[in-house]
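Peer 1: One structure, pasted below without further comment.
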Amino acid sequence: MILPALFFYLFAGVCVASAVMVIVSRNPVHSVLYLILAFVNASGLFVLMGAEFLGMMLIVVYVGAVAVLFLFVIMMLDVDFTELREGFIEYLPIGLVIGGIFLAELLLVAGGWVMSPGTAKSITAAIPANVSNTEALGLVLYTKYIHYFQIAGMVLLVAMIGAIVLTLRHKAKVKRQDINVQNARTPELAMAVRKVAPGQGLQDSDAAEWVK
Amino acid sequence: MSFSSAGYQLLPVLPELVLAVGAMALLMLGAYRGAETTKLVTGLAVVLLVLTGVLELMLPAGKLTTFGGSFVVDDFARFLKILAIIGSAVTLILSTEFLSDPSRRIFEYSILVLLSTLGMMVLISAADLIMLYLGLELMSLALYVVAASNRDNAKSNEAGLKYFVLGALSSGMLLYGASLIYGFTGTVDFAGIAAAVKTGSVGIVFGLVFLLAGLCFKVSAVPFHMWTPDVYEGAPTPVTAFFASAPKVAALAVFTRVTLTAFPGIVPQWQQILVFVAIASMALGSFAAIGQRNIKRLMAYSSIGHMGFALVGLASGTVEGAQGVLVYIAIYVAMTLGSFAVILTMKRNGQAVEQISDFAGLSRTNPMLAFLFAMLLFSLAGIPPLAGFFAKWYVFVAAIKAGLFTLAVIGVLTSVVGAFYYLTIIKLMYFDEPAGQVEPMRIELRTVLAVAGIFNIFFFVYPGPLVSVATAAAKSLF
């Protein structure tokens, strides 16, 4: 029993510490790396709780895709993060006040939870004994929850259309590759044999024909 | 872990299926045939919406549920879906001019409106928290894009981005609330939540507050209204008309369904939240609108105020209250769409004019237009015998019957303040020197304005059908 507890404190401790480092580190690239560390530790926590599928998804989606994308953006955009952080001291009091309010509210909730132990029983659905996480999800995702799945698909379709509508521009002057035109080119169209008179070179009229 | 297909009939979702498949088919048409099809796609989209509405009406009567009870079609859903479909279809009709400009022939606009309407229909029928969230996101995501659809206009881009960022924040709050509610009740199903929530433990109320905060954002109720004026002003005018009508219907529908079917056990807890939100919205909607110079910003504050009035009905938590909300939103949609038909008409030398001062002397240049707009404004102010008066009447009567006298009195007082800025426009139109000729009204705007105007002026002659349908719809929630 001591080993899971040990690992819990290890993962949780590193997770919180790296989360703090995300905020305080001066170099934004370091921030993202700490963020990745936080994600990995959070996924460790999931595995400890028996939610191994969620743990792996966290690594695949957040570490593998989101954080790397984040890193790219930070490296590509020359954002001056020290300048962004200039108002830090100025806004610290109000931040502390809001943080204090949230802390008080969280304590209230935790208090309510301790005071009514009955709620603790109902919060987890029964975990089937002989099925793994992934299998359990697979059993219901396309059957019992097919409608959620389909609507989520529609949401993604909207996201795709939206990205195209907002960013794709058909510019008139841009040269586009047209494979049909390329394949239809014949030597007669593409080549011309010219007799170059000595000491004169090609005439302008010949060059104009070439540009076509 | 076995699964049976019982309880998964597709008949109740037939209208949604037709809309989804139709939208994708139109998307293919537009994608393969190019921007020339914009007009055709818009026309077919309106036809598709009408077809969806007809299918919705032809579904068997009574309460239908499917997908394991997470999707419900009752009279409440039917009423509001039809209203949302009307809002979307009229918006598409109002958008034809916007889309006819060669630089803005984006056929995806109609597709996005269709998909947003699909989200609204899912949202209106949602009977659990996951369905609610998916419907809300499908609706909102399409709205963010259409807000920015005038890509070369900085204000339109600003509107889209602002709406997106704040919308994402509100989604986060809503999800946080939903996860707390799930944690404390062990279910996401509204009926299950209602069964589990008999007393208001701190955790449940905490979750409820976050859930309602997310929903308040969508109906642009104070204190989650900050995005509204900027987004309304920046978005293209037909899009603003859309924002002010159909999404408000869907958001108010889910607001009503969540509070009345998932939390009937803790009415006092959410009642005080709603009373505060309603009072704040009505007050801000009335006072902040006074200083506005831009008609679209004015309509934004007007819609904030109107959402406050609609929430007055909901705050009472009774059948009369729900009926009041339904009548209110139906009349509000008619008034808003009519008003936007007028705003879209206001063009001089091919340029849309949006300042309130541009309405000066409209009665002399376009007497009929000015008369109908004046009637719509009187109605928005709630002056009898126009439709807007009855809308307010039903919600205030419900509030008084529920013993919320303070709320009703504040509501009446703020509606008097609100009348001031509507009357200012009427005074400008009738007593000031004309600011110049406006371009002749397009036929589709003329039709929309005529229908909205006739409904608005003659509602009092025969209010029976709307009120009785709204009553039946409200009863189906209890």
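Peer 1: Other chains' Cβ within 10 Å of B:129-135 residues: what's the mean?
Peer 2: 3
Peer 1: While we're here: For the range B:263-478, what's the radius of gyration and Dmax over Cα atoms, in angstrom?
Peer 2: For the range B:263-478, the Cα-based Rg and Dmax read 17.9, 59 Å.
Peer 1: Excluding same-chain pairs closer than 8 in sequence, count the lysine pairs in the range B:263-478 whose Cα atoms lie under 26 Å apart.
Peer 2: 8
Peer 1: May I pose another question? Under 18 Å Cα to Cα from A:LYS173, which lysines show up? Leave out anything in the same chain fewer than 8 places away.
Peer 2: Counting by Cα, and skipping residues close in sequence, A:LYS173 has these lysines nearby: A:LYS212.
Peer 1: With the contact rule set at Cα under 8 Å and sequence spacing of 6 or more, what percent relative contact order holds for the range B:259-355?
Peer 2: 26
Peer 1: Using a basic spin-label model with each label point 7 Å from the Cα along Cα→Cβ, how many nm lie between B:VAL416 and B:LEU29?
Peer 2: According to this spin-label approximation, the distance is 5.4 nm.
Peer 1: Between B:LEU428, B:THR91, B:PHE255, whose Cα lies farthest towards the positive end of the dipole of chain B when Lys and Arg beta carbons carry +1 and Asp and Glu beta carbons carry -1, centred on the Cα centre?
Peer 2: Ranked along the dipole, the leading option is B:LEU428.
Peer 1: Additional query: Any idea which of B:GLY167, A:ILE74, B:TYR32 is furthest toward the positive side of the dipole for the protein assembly as shown, if Lys and Arg beta-carbons carry +1 and Asp and Glu beta-carbons -1?
Peer 2: Toward the positive end, the furthest listed residue is B:TYR32.
Peer 1: Can I ask one more? Nearest 0.05, what FRET efficiency do A:ILE89 and B:SER5 give at R0 = 60 Å with Cβ-Cβ as r?
Peer 2: 0.45
Peer 1: Past the 50 angstrom mark, what percentage of all C-alpha to C-alpha distances in the protein assembly as shown do you count?
Peer 2: Everything past 50 Å amounts to 20 percent.
Peer 1: Which whole-number percentage describes the relative contact order of chain B, with Cα contacts under 8 Å and a sequence gap of 6 or more?
Peer 2: Answer for chain B is 15 percent.
Peer 1: What is the spin-label model distance, in nm, from B:VAL451 to A:LEU189 if the labels are put 7 Å beyond Cα along the C-beta direction?
Peer 2: 5.1
Peer 1: Also, quick follow-up: Ranked highest first by the average count of other Cβ atoms within 10 Å around their residues, in what order do B:168-181, B:228-241 fall?
Peer 2: Packing proxy ranking, top to bottom: B:228-241, B:168-181.
Peer 1: Given H placed on each backbone N at 1.01 Å, which residues far from B:ASP432 in sequence or on other chains put an amide H within less than 5 Å of it?
Peer 2: Amide H neighbours of B:ASP432, under 5 Å, 5+ apart: B:GLY361.
Peer 1: Relative contact order for the range B:263-478: what percent, with Cα pairs under 8 Å and sequence separation of 6 or more?
Peer 2: Relative contact order comes out at 30 percent.
Peer 1: So if R0 is 45 Å, what FRET efficiency would B:TYR430 and B:ASP101 give, r being the distance between their Cβ atoms, rounded to the nearest 0.05?
Peer 2: So the FRET efficiency works out to roughly 0.85.
Peer 1: For A:LYS144, go through the lysines and keep the ones whose alpha-carbon is under 28 Å away, minus same-chain ones fewer than eight residues off.
Peer 2: A:LYS121, B:LYS63, B:LYS81
Peer 1: On to the next question. Give the ranking of B:LEU51, B:LEU407, B:LEU29 by solvent-accessible surface, highest area first, calculated with a 1.4 Å probe.
Peer 2: Reading off the accessible areas and sorting them downward yields B:LEU51, B:LEU29, B:LEU407.
Peer 1: With +1 on each Lys and Arg Cβ and -1 on each Asp and Glu Cβ, and nothing else charged, work out how big the dipole of the protein assembly as shown is about its Cα centre, in Debye to the nearest 20.
Peer 2: 760
Peer 1: Another question about this same structure. Using the Karplus curve 6.51 cos²θ - 1.76 cosθ + 1.60 with θ = phi - 60°, what ³J(HN,Hα) values do you get for each residue of the range A:132-144, in whole Hz, with x for Gly and Pro?
Peer 2: 7, 3, 4, 5, 4, 5, x, 5, 9, 4, 9, 10, 5
Peer 1: Here's a follow-up. Name the residue farthest towards the positive end of the dipole of the range B:316-406 from the options B:SER316, B:PRO385, B:ALA360, assuming +1 on Cβ of Lys and Arg, -1 on Cβ of Asp and Glu, about the Cα centre.
Peer 2: B:ALA360
Peer 1: Where in chain B are the helices, taken as whole DSSP H runs, whose Cα atoms extend 27 angstrom or more along the long axis and whose Kyte-Doolittle mean reaches at least -0.5?
Peer 2: B:14-33, B:38-58, B:75-94, B:154-185, B:267-287, B:295-316, B:319-345, B:405-431
Peer 1: A further question on this structure: Take the alpha carbon gyration tensor of chain B, find the square roots of its eigenvalues, order them as a ≥ b ≥ c, and report rounded if a/c is under 1.5; if not, report prolate when a/b exceeds b/c, else oblate.
Peer 2: oblate
Peer 1: Report the label-to-label distance for A:ILE2 and B:TYR176 in nanometres (one decimal), using points 7 Å from each Cα along the Cα→Cβ vector.
Peer 2: 3.9
Peer 1: Provide a whole-number value for the mean count of partner chain Cβ atoms within 10 Å of the Cβ atoms in peptide B:147-156.
Peer 2: Other-chain Cβ atoms within 10 Å of each residue's Cβ, averaged: 1.
Peer 1: Once fully extended, how much extra length lies between A:VAL20 and A:ALA65, figured as 0.36 nm per residue of separation less the alpha-carbon to alpha-carbon distance?
Peer 2: 14.0 nm
Peer 1: Would you work out the charge dipole size for the range B:263-478 about its Cα centre, treating the Cβ of every Lys and Arg as +1 and the Cβ of every Asp and Glu as -1, and quote it to the nearest 20 debye?
Peer 2: 60
Peer 1: Pulled fully out, how much extra length does the chain show between A:GLU105 and A:ALA136, if you take 0.36 nm times their separation in residues and subtract their Cα-Cα distance?
Peer 2: 7.6 nm
The values are calculated or read from the model by the stated rules, or taken from the named source; none is laboratory data. None of these values were measured; they are calculated from a predicted model. A quick note on method: Cβ atoms are made from the backbone with ideal geometry, for glycine too, and the neighbour counts reach across all protein chains shown. Areas reflect the complete protein model, heavy atoms only, side chains present, ligands, DNA and RNA absent. Shrake-Rupley method; radii C 1.70, N 1.55, O 1.52, S 1.80 Å.
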